[in-house]
Amino acid sequence: MKLFTVGPVEMFKEQMEIGGKQVPYFRNQAFSDVVLRCMELLKKAVDAPSGSEAIFLTCSGTGAMESTIINCFNENDHLIVIDGGSFGHRFLEICQLHKIPHTVVNVPDDQDLTREMIDKACEGVTPTGLIVNIHETSKGKLYDKKMLSDYCKEKGIYFVVDDISSFLADPISMKEDGIDLIILSSQKGLALAPGLAMIIVGPKLLAKSLAMETKSFYLDFKSHLKNGERGQTPFTPSVRVIHELKNRLEMLDIMGVNNVIRNTEEIAKDFRKKVKELGLDYPKFALSNAETPVIFPEGTADAYEVFKKLDSEYGFVVNPSGGELASKQFRVGHIGNHSIEDNDLLINAMKEIMGK
Ligand SMILES: *Cc1c(COP(=O)(O)O)cnc(C)c1O
């Protein structure tokens, strides 16, 4: 089996070996040292400004999305929510549930997000923050980070980024992009088992959050920050995944995060070139290096049939698209343990299935 999905993704053997071992005890200095090292390397990987803190939550990425909203914002705030697909829509639902005032910017499926779309949706609104999934994974759409960052600076509002599926695929810097908080999750570009979500919060939003009351016991930043000072978590963390994380971050630190991103970019570009050669296509909007939505034009093949045969006959798993798009496209992930040779394996399998 080989995963060409966006999460969980194909893992590296070093972290799989850790996953095969006895889970060690964690209320001791040895584990504290592991956590503290992870925090330090993670902050470095996202170029966090000084005074930033890392928070490790034992939940999937959505838990960190909800935790961020309830720890950083309340009824006195007004959030701009970019809704261009199912992950953006999730932020909207979280705001609705927790009664956080918000304005939605809808992004049409075939278009890039523009400043004009935001200005139009936010006419007469005084926002305090903007929250975005920088790569809307359900569409493969990468938003313009510079435009969003400039907008937030101009308005003097908090800039919150869910970077879960874009981390290690597209460049990001909290300092340069003026990001106040970044959300990450173990099962995407980090290529670890699911179960660990990470939040890196910059000094400005950290101060705001510490002054707020949070109506959640498990997801409260304050208890995590307090325990985090000594490298611990308030509750039993995903110990095994944190050990995998330390190993992965140390490998990344040696390779250089920018080199890893460049490698993912090369793989994505190579795959897209080969997709065109097969007579297939991909969207015109800006794409993340993390994945390619593969479009099957009229008269080529049924995307859902190809998806099924890739799995049953070759053991290659790609992400099917939902609803009416299912027979017209599927999505191929480039994050995790992948190479140009893997692209060739997948493309050749698609070629054989399509009878070319
Ligand atoms: C995968 C993903 C998440 C998290 O999803 P979970 O299933 O909760 O881990 C959040 N945002 C984006 C953009 C994602 O791609």
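Every number in this text was worked out from the coordinates using simple rules, so none of it is lab data. Computed from a prediction, not measured in an experiment: that's the story for all the values here. So basically every Cβ, Gly included, is an ideal-geometry build from the backbone, and we count neighbours across all protein chains shown.
Close amide H partners of residue 59, meaning residues 5 or more places away or on another chain with modelled amide H under 5 Å apart, are 196, 197. Maximal additional length on extending the residue 93-residue 344 stretch stands at 86.4 nm, based on 0.36 nm per residue less the C-alpha distance. Please compute the contact order of the chain in relative form: average sequence separation of alpha-carbon pairs under 8 Å and at least six residues apart, divided by the residue count, as a percent. Answer for the chain is 25 percent. Subtracting the Cα-Cα distance of residue 154 and residue 76 from their residue separation scaled by 0.36 nm leaves 26.0 nm. Sorting the segments 68-74, 85-91 by their mean number of nearby beta carbons within 10 angstrom, highest to lowest, gives 68-74, 85-91. Based on Cα contacts under 8 Å between residues 6+ apart, the range 278-321 shows a relative contact order of 27 percent. The radius of gyration of the Cα set in the range 1-120, together with its Dmax, comes out at 19.1, 55 angstrom. Sorting 16-25, 182-191 by average packing, meaning the other beta carbons within 10 Å per residue, from highest down gives 182-191, 16-25. Given their separation in residues at 0.36 nm each and the Cα-Cα distance between them, residue 121 and residue 212 gain 29.9 nm when the chain is fully extended. A DSSP coil position with no more than 11 other Cβ atoms inside 10 Å describes the following trypsin sites (Lys or Arg not before Pro) in the range 25-87: 27.
Counting every pair of alpha carbons in the range 214-253, the share spaced more than 11 Å apart comes to 68 percent. Using the Cα centre as the reference, give the magnitude of the dipole from point charges on the C-beta atoms of the chain (Lys, Arg: +1; Asp, Glu: -1; all else neutral), rounded to the nearest 20 debye. The dipole of the chain has a size of about 680 debye.
Take the Cβ atoms of residue 106 and residue 298, set R0 to 35 Å, and the FRET efficiency comes out at 0.80.
Report note on the peptides 331-341, 291-301: ranked by the mean count of other C-beta atoms within 10 Å, highest first, their order is 331-341, 291-301. For the range 264-322, the list of trypsin sites (Lys or Arg not before Pro) that fall in a loop by DSSP and count at most 13 other C-beta atoms within 10 angstrom reads 284.
Remark: relative contact order (the range 105-201) = 21 percent; criterion is Cα-Cα distance under 8 angstrom and separation of 6 or more residues.
When the alpha-carbon atoms of the range 258-349 are used, the pair Rg, Dmax equals 12.7, 40 angstrom. Of all lysines in the structure, those lying under 26 Å Cα to Cα from residue 309, and not within fewer than 8 positions of it along the same chain, are 2, 139, 188, 269, 273, 274, 276, 328, 351, 356. Helix-only mean residue ellipticity at 222 nm, the chain, DSSP H runs n ≥ 4 weighted -39,500 (n - 2.57), per residue, nearest 500. What is it? Taking each H run of at least 4 residues, the total per residue is -12000 deg cm²/dmol. Among beta bridges identified by DSSP and lying wholly in the range 32-163, the antiparallel ones come to about 15 percent.
The range 140-204 and the range 281-331 have their alpha-carbon centroids 27 Å apart. Among beta bridges from DSSP that stay inside the chain, the antiparallel ones total about 55%.
Across the chain, Cα-Cα distances exceeding 24 Å account for 57% of all pairs.
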